[in-house]
1. Please state which of the following conditions B:M97 fails to meet, knowing it meets all the rest: (1) within 11 Å of chain A (Cβ to nearest Cβ); (2) touching a Phe, Trp or Tyr at 6+ places or on another chain (Cβ under 9 Å).
2. Could you check how many residues of segment A:281-300 are within 7 Å of another protein chain (Cβ to nearest Cβ), more than 21 Å from the chain's Cα centre (by Cα) and crowded, with 16+ Cβ neighbours inside 10 Å?
3. Considering only residues that are more than 15 Å from the chain's Cα centre (by Cα) and facing another protein chain (nearest Cβ under 9 Å), look in segment B:26-41 and name the one that is farthest from A:Y147 (Cα to Cα).
4. Look at A:I270 and say whether it is in a helix (DSSP H, G or I), of a type in the set (A, V, I, L, M, F, W, C), farther than 20 Å from A:F437 by Cα and away from chain C (no Cβ under 14 Å).
5. Hey, can you tell me all the residues within segment B:1-32 that are out of contact with any Gly (no Cβ under 6 Å at 6 or more places or on another chain) and buried (at least 21 other Cβ atoms within 10 Å of the Cβ)?
6. So which of A:I415, A:I425, A:I431 ends up being surrounded by 23 or more Cβ atoms within 10 Å (Cβ to Cβ), closer than 30 Å to C:L45 by Cβ and over 23 Å from the mean Cα position of the chain (by Cα)?
7. Considering each residue of segment A:403-431, count those that are among the hydrophobic types (A, V, I, L, M, F, W, C), within 11 Å of chain C (Cβ to nearest Cβ) and in a helix (DSSP H, G or I), and give that number.
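The values are calculated or read from the model by the stated rules, or taken from the named source; none is laboratory data. Computed from a predicted model, the values in this text were never measured in an experiment. Methodologically, a virtual Cβ is constructed for each residue, glycine included, from the backbone with ideal geometry; neighbour enumeration extends over all protein chains shown.
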Amino acid sequence: MNLLIPLMVIVPILCALFLNLLHKKDRAIKTVTIILALALPALPLLANYGLHYFGGYEPLLQNPTLANNLPSFITGGALATFHPAITYSFQSAQQLFVFILGLVGLLALFTSVYETRRPSGVYAYMLFMGVAAMTAIILTDDIFNLYVFFEIAALATVGIVLVSNIKGNYETALKYMILGSVASPLLLLGIALLLGVTGNVNVTDIIYSIKTGAVDPQNPVLLLACGLIVFGWLYGSGLPPFHTIKSAIYSKALPSGSAMIQAFSVFTFIALGIIILRIFSYLPFSQWVILGVSLLAMILGITMAILQTDIKRMIGFLAVGELGYIGIGLGLGTTFGITAGLFQAVNEVIITALLFIGFGVVVYQTGISNTRKLGGLMVRNPWVALLVLLGGFAMAGVPPLNAFQSKLMLIQASIDAGFPELGIIMILLSIVTFMTFMKAFHTVYLRPKPADLEIKTETIPKATVISLVVLLVVCIIFGLFPQYVTSYLQPLATSLAGGVV
Amino acid sequence: MIDVQLGSLFTAVALIVIGIFATAFLDNLIKKIIGLAFIGDGANLFLIAMGYKPGGIVYIYLPGMAADWFAQNAAYPLPFALVLTSIVIGASTMAVMLGIIIVLYKKHGSLSASKILGE
Amino acid sequence: MNLYDMIVKKIKDIQGADDGPVTNLSTTSMLTAEITLIASVLVALIMLRQVSTVLMIVAVLVVLVVFLTSMPIMSRLKKEQNDSLSSMMFYVIIAMTVVIALFYWGNLNV
């Protein structure tokens, strides 16, 4: 039994509870947060690959001592292969995802304790609980466990928005919860239909039942379940029609919180998307729906991003648009396409975190995020401007940074799969992304300073600059050595594309 | 007489439809929240109805029962565990939403959704 | 009046006076968004060639004509995607019915 696998979920929860107790003791919170946050990227590097059976035992086929006392109609048939426990599976792809999530969490926590006037134990609690929930979502093989942690992540997101003290945050949080409470029970309904038809909530066992014909694959109840689960997936990742509320959430949170929330959206997209592909990829329709929704997300997200005048909403809509690229990779269905999509997801998390923290410096210094009122900040912070510029280049896909490699792989994959139109649209929207980013950069840094702009705080905390540098270094490393990263993602992509469990 | 499981499923769907109607069309925030509670309850009722077995016994293995008779006759125990978790999640989400509404009421002085959330 | 001033005047009529001054930046942004939207939708429609070539030609021509006659689409699209709860609920319910209907009945013919 590999004990570090459940610890990857339990340790952040314990850290969260501990930091909540320490709320209002400023010195203690600062040091304890930084020490505990170091555990977040460290744990996945130390854990071994394998399966962990939470709250139960391994399947009866692998457990002869237990199977001896049971009647033969249980041990003789398919029941012996079923998983009685909540299975957490930790392979190379999950290691990469949890590491990137932990790294962004570490940097977000590091930035947040130095950027706020008084470090808040409650805010650290929300960030740690969100990281714990997302780790569980990435690792789990049980669809109801995913739903439980999905709800916990939604509550953590709402908590991050509520703590931020930005004007209008309570209204946005309430709208998000109302829309969520419509979409999540429908996801639960889809899970209930799957349970009713196949008798299992473990994804491996559901696939076994469908493949061996114990359940009719064209059963209309299964199709209805697929539709409902896809709808819940749209809510969790912030795809249309939920893109406006997701970008509003990004704009009403503190910059470190926005960096975490967008990481949550991307990893929910991947985790639930992988499960939908595993269970339902025998339906040709599911791939078309994923492609269609991703195309819609790309077009709506990036066209809306150009028109925004608030920098945080602009980056929020760009983040939604970039989700579409990941979806196209997953929807293509070939090994190369899925690898490219997952690589784009990893890059996406890092780049968007960099942009949120980078533009968050502007909000920290001046207190406003409206582009009509900003300008001329290049003179004051040239180094931060350079880091943000490189981050923007990374998002648009300028070589040799990481998004260039993943977007190139995506375009090649779409041409190989026989859809060159998708490649054309991806190139077009990358150009528009670059234009949007340059527009934001120009209005904040390059144009002359308006006379009534007052700088509230002169100095930028070193922690923010260190976070930006670390994220940029990761971008450059992933851009120069993409094969290193894709070697982690290849096994998962091969198993998804081949239709094997 | 309609089968217990089928009746539960129809009731669950009816609850969900009424809940979506209430959330979308009613103006008072508290009524919207009650609609959301209906949707959650409908989903939970659907989930527990998946565990129904006609003539099934409660899934508690008492001493003195034969193992295979128990395995053949017990109702399906998994949905009960799932529904308990789901009810707790629904309750905590409701609590957070009602807390937010208290703060918004103090700020705006009214419970009308078009005034507070409309813009 | 040259073409640029005509475009600025048209954008000002549509946006009204509520957004503040119509700067060069916002005009450029609106034009870019418009062109991007039309180009992406038309290129995406070319993917219909997998279903049938005639359908693709008809769809591209129809959508092109619709776009050109109702040219300032982006401002209307931006106003539609606002932050009010009622419009978001409307789109959520429409998306839910479309997704469920597509999966339930679409799979019978594909």
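1. (2)
2. Residues flagged as within 7 Å of another protein chain (Cβ to nearest Cβ), more than 21 Å from the chain's Cα centre (by Cα) and crowded, with 16+ Cβ neighbours inside 10 Å within segment A:281-300 amount to 2.
3. Of the residues in segment B:26-41, the ones more than 15 Å from the chain's Cα centre (by Cα) are B:26-32.
Next, from what is left, pick out any that are facing another protein chain (nearest Cβ under 9 Å): B:29, B:32.
On the way: B:L29: 26, B:K32: 23 Å.
Checking each candidate, the answer is B:L29.
4. Working: in a helix (DSSP H, G or I): yes; of a type in the set (A, V, I, L, M, F, W, C): yes; farther than 20 Å from A:F437 by Cα: yes; away from chain C (no Cβ under 14 Å): yes.
It is true that A:I270 is in a helix (DSSP H, G or I), of a type in the set (A, V, I, L, M, F, W, C), farther than 20 Å from A:F437 by Cα and away from chain C (no Cβ under 14 Å).
5. Within segment B:1-32, the first condition is being out of contact with any Gly (no Cβ under 6 Å at 6 or more places or on another chain), and the residues that meet it are B:1-11, B:13-14, B:17-18, B:20-21, B:24-32.
Passing the criteria: B:I20, B:L29, B:K32.
6. Answer to the check: A:I425.
7. Final tally of qualifying residues: 8.
Each row is one residue, and each column tells you yes or no for (1) under 16 Å from the mean Cα position of the chain (by Cα); (2) assigned to a helix (DSSP H, G or I); (3) surrounded by 15 or more Cβ atoms within 10 Å (Cβ to Cβ).
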site	(1), (2), (3)
B:P54	no, no, no
B:D68	no, yes, no
B:L82	yes, yes, yes
B:A91	yes, yes, no
